[in-house]
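Quick notes on the structure that follows.
The values are calculated or read from the model by the stated rules, or taken from the named source; none is laboratory data. Note that this is a predicted model, so its numbers are computed, not measured. Neighbour counts run over all protein chains shown; Cβ positions are idealised from the backbone, glycine included. In case anyone asks, the SASA skips ligands and DNA or RNA and just uses the protein heavy atoms, side chains included. Shrake-Rupley method; radii C 1.70, N 1.55, O 1.52, S 1.80 Å.
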Amino acid sequence: MIDGGRIQERLNVLGLSQAELARRLGLRQSTINGMVRGEQRTSGHLHRIARELRTTAAYLSRETDDPASDVPDEPTMTADEVLWLELLR
(Lines give C-alpha, C1' and ligand atoms only; values in the text may rest on other atoms or scores of the structure.)
Protein backbone atom coordinates (compact mmCIF):
# COMPACT_ATOMS: atom_id res chain seq x y z
CA MET A 1 0.00 0.00 0.00
CA ILE A 2 1.37 3.41 -0.98
CA ASP A 3 1.86 6.00 1.76
CA GLY A 4 0.86 9.32 0.20
CA GLY A 5 2.45 11.27 3.03
CA ARG A 6 5.81 9.81 2.14
CA ILE A 7 5.41 10.78 -1.51
CA GLN A 8 4.59 14.34 -0.46
CA GLU A 9 7.52 14.34 1.98
CA ARG A 10 9.96 13.34 -0.79
CA LEU A 11 8.46 15.94 -3.14
CA ASN A 12 9.08 18.59 -0.47
CA VAL A 13 12.64 17.41 0.20
CA LEU A 14 13.47 17.57 -3.51
CA GLY A 15 11.55 20.79 -4.14
CA LEU A 16 9.30 19.16 -6.74
CA SER A 17 5.62 19.69 -7.38
CA GLN A 18 3.15 16.92 -8.07
CA ALA A 19 2.80 18.33 -11.58
CA GLU A 20 6.55 18.14 -12.21
CA LEU A 21 6.73 14.56 -10.95
CA ALA A 22 3.81 13.63 -13.19
CA ARG A 23 5.47 15.29 -16.18
CA ARG A 24 8.73 13.44 -15.60
CA LEU A 25 6.88 10.13 -15.43
CA GLY A 26 4.46 10.77 -18.26
CA LEU A 27 1.48 10.48 -15.89
CA ARG A 28 -1.41 12.79 -15.13
CA GLN A 29 -1.02 15.09 -12.14
CA SER A 30 -4.35 13.78 -10.85
CA THR A 31 -2.80 10.30 -10.64
CA ILE A 32 -0.02 11.59 -8.38
CA ASN A 33 -2.52 13.61 -6.36
CA GLY A 34 -4.69 10.52 -5.89
CA MET A 35 -1.71 8.67 -4.42
CA VAL A 36 -0.79 11.55 -2.13
CA ARG A 37 -4.38 11.86 -0.88
CA GLY A 38 -4.68 8.09 -0.32
CA GLU A 39 -7.34 7.60 -2.96
CA GLN A 40 -5.04 5.35 -4.97
CA ARG A 41 -3.32 2.76 -2.81
CA THR A 42 -1.38 0.83 -5.48
CA SER A 43 0.38 1.67 -8.70
CA GLY A 44 2.30 -0.17 -11.36
CA HIS A 45 4.46 2.95 -11.52
CA LEU A 46 5.65 2.77 -7.90
CA HIS A 47 9.24 1.84 -8.77
CA ARG A 48 9.49 4.65 -11.33
CA ILE A 49 8.00 7.11 -8.84
CA ALA A 50 10.48 6.00 -6.18
CA ARG A 51 13.40 6.40 -8.59
CA GLU A 52 12.35 9.98 -9.43
CA LEU A 53 11.93 10.73 -5.72
CA ARG A 54 15.40 9.27 -4.99
CA THR A 55 14.06 6.62 -2.66
CA THR A 56 12.73 3.08 -2.90
CA ALA A 57 9.34 1.50 -3.43
CA ALA A 58 9.84 -0.16 -0.04
CA TYR A 59 10.00 3.25 1.63
CA LEU A 60 6.95 4.59 -0.21
CA SER A 61 4.97 1.49 0.76
CA ARG A 62 6.09 1.57 4.42
CA GLU A 63 8.16 -1.61 4.24
CA THR A 64 11.11 0.37 5.62
CA ASP A 65 11.48 3.63 7.49
CA ASP A 66 14.76 4.62 5.85
CA PRO A 67 14.21 6.64 2.64
CA ALA A 68 17.83 6.06 1.60
CA SER A 69 17.91 2.31 2.21
CA ASP A 70 18.96 0.56 -1.01
CA VAL A 71 18.42 3.68 -3.11
CA PRO A 72 19.80 3.02 -6.58
CA ASP A 73 22.55 5.22 -7.95
CA GLU A 74 21.58 8.30 -9.93
CA PRO A 75 20.13 7.27 -13.26
CA THR A 76 22.47 7.68 -16.19
CA MET A 77 19.53 8.75 -18.36
CA THR A 78 17.07 11.54 -17.70
CA ALA A 79 13.40 10.69 -17.24
CA ASP A 80 12.73 12.08 -20.72
CA GLU A 81 15.40 9.82 -22.20
CA VAL A 82 13.89 6.80 -20.46
CA LEU A 83 10.46 7.76 -21.79
CA TRP A 84 11.80 8.04 -25.35
CA LEU A 85 13.49 4.68 -25.00
CA GLU A 86 10.23 3.10 -23.82
CA LEU A 87 8.37 4.68 -26.75
CA LEU A 88 10.92 3.31 -29.21
CA ARG A 89 10.44 -0.21 -27.89
Scan the chain and hand back the longest stretch that contains none of the GluC sites (Glu not before Pro) lying in DSSP loops with at most 13 other Cβ atoms within 10 Å.
1-38
Per the helix-only calculation at 222 nm, which mean residue ellipticity applies to the chain, given -39500 (n - 2.57) for every DSSP H run of n ≥ 4 and division by its residues, nearest 500 deg cm²/dmol?
-14500 deg cm²/dmol
Just to verify a number: FRET efficiency for residue 23 and residue 64, C-beta to C-beta distance, R0 = 35 Å, to 0.05?
0.80
Taking the Cα of residue 77, stepping 7 Å toward and past its beta carbon, and measuring to each backbone N in the stretch 12-34: which are under 16 Å?
24-26
How much accessible area per residue does the chain have, in Å², with a 1.4 Å probe?
63
Where in the stretch 1-60 are there trypsin sites (Lys or Arg not before Pro) that are in a DSSP coil and have at most 14 other Cβ atoms within 10 angstrom of their Cβ?
28, 37, 41
With a 1.4 Å probe and every protein chain kept in, tell me what percent of the accessible surface of the chain is carbon plus sulfur.
48
Amide H within-cut-off set for residue 40, under 5 Å, with H built and near neighbours excluded
35
Potential extension, residue 45-residue 89 segment - 0.36 nm per residue separation minus Cα distance:
14.1 nm
